[in-house]
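Trainee: So that we are looking at the same thing, I have put the structure below in structure tokens.
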Amino acid sequence: MDFSSKILENAVSEVSRLPGIGKRTALRLVLHLLKQPSEHTKYLSEALLHVRNDVKSCEKCHNISDTVLCDICQNSKRNPEIVCVVEDIRDVMAIESTSQFNGLYHVLGGKISPIEGIGPQNLKIDSLVQKVASGEIKELIFALSSTMEGDTTNFYIYKQLQKYEIITSTIARGIAVGDELEYADEVTLGRSIINRIPFEQSIKS
């Protein structure tokens, strides 16, 4: 791709670094910005800098937040005895959109994947075990994607918690095997949470 402007080429190169954005799409986006009033580009750049510099991680659940504790953890109407374990913020957003879950969350920050060099020590598993050990949680819902990595992560956490008196369940397999939570429709995901099953039963099956 030949560019008549080095500045344009640099902008396209940076935008194309974003996941799912190729050079052609990046060029289209940059050209679009060039056609807009300069204020639009200014607002966009300021918003991106604001996200990068000011967004925090909730100290309790590791969800993305503007404050030390996210809005969900601060909500006194949520049930703190039920915690849903998810991979990342996108899964929290997907489950919240169903309006079928009223507990809290614990964001692991990924899933165990030896191929990608991600082990238990790279995830927020220790803090989850500490929560369970404190006795504040009565039920833990595993809501990781139904992939080999997701199942491996579920089982690893389950083994870490066996000495504690806690109910462990997993979302029903309304979510197809191999699917990511964020791509599931709201009705299917909502029913999967409501019809969750004991984790031990999912292992036997």
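The values are calculated or read from the model by the stated rules, or taken from the named source; none is laboratory data. As the structure is a prediction and not an experimental result, all values here were calculated from the model. Backbone-built Cβ (ideal geometry, glycine too); neighbour counts: all protein chains shown.
Trainee: Would the stretch 158-166 turn up any residue that is touching a helix residue (DSSP H, G or I) at 6+ places or on another chain (Cβ under 8 Å) and in a helix (DSSP H, G or I)?
Mentor: Within the stretch 158-166 (the criterion being touching a helix residue (DSSP H, G or I) at 6+ places or on another chain (Cβ under 8 Å) and in a helix (DSSP H, G or I)), the answer is yes, since at least one residue qualifies.
Trainee: Scan the helices (runs of 4 or more DSSP H) fully inside the stretch 5-107 and keep the ones with 2 or more residues being without any contact (Cβ under 8 Å) to a residue 40 or more places away in the chain and aliphatic (A, V, I, L, M).
Mentor: Helices (runs of 4 or more DSSP H) meeting the threshold: 6-15, 23-35, 38-54, 89-96.
Trainee: In addition: Residue check: is PHE155 under 19 Å from the mean Cα position of the chain (by Cα) and either at positive phi or crowded, with 20+ Cβ neighbours inside 10 Å (or both)?
Mentor: No, not satisfied.
Residues checked against (1) touching an Asp or Glu at 6+ places or on another chain (Cβ under 7 Å); (2) surrounded by fewer than 14 Cβ atoms within 10 Å (Cβ to Cβ):
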position	(1), (2)
GLY20	no, yes
ALA47	no, yes
VAL51	no, yes
ASN63	no, no
ILE82	yes, no
ASP91	yes, no
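Trainee: Related question: Identify, please: which residue in the stretch 132-157 is assigned to a helix (DSSP H, G or I) and among the small types (Gly, Ala, Ser) and is, among those, modelled with the lowest pLDDT?
Mentor: By that ranking, first place goes to GLY150.
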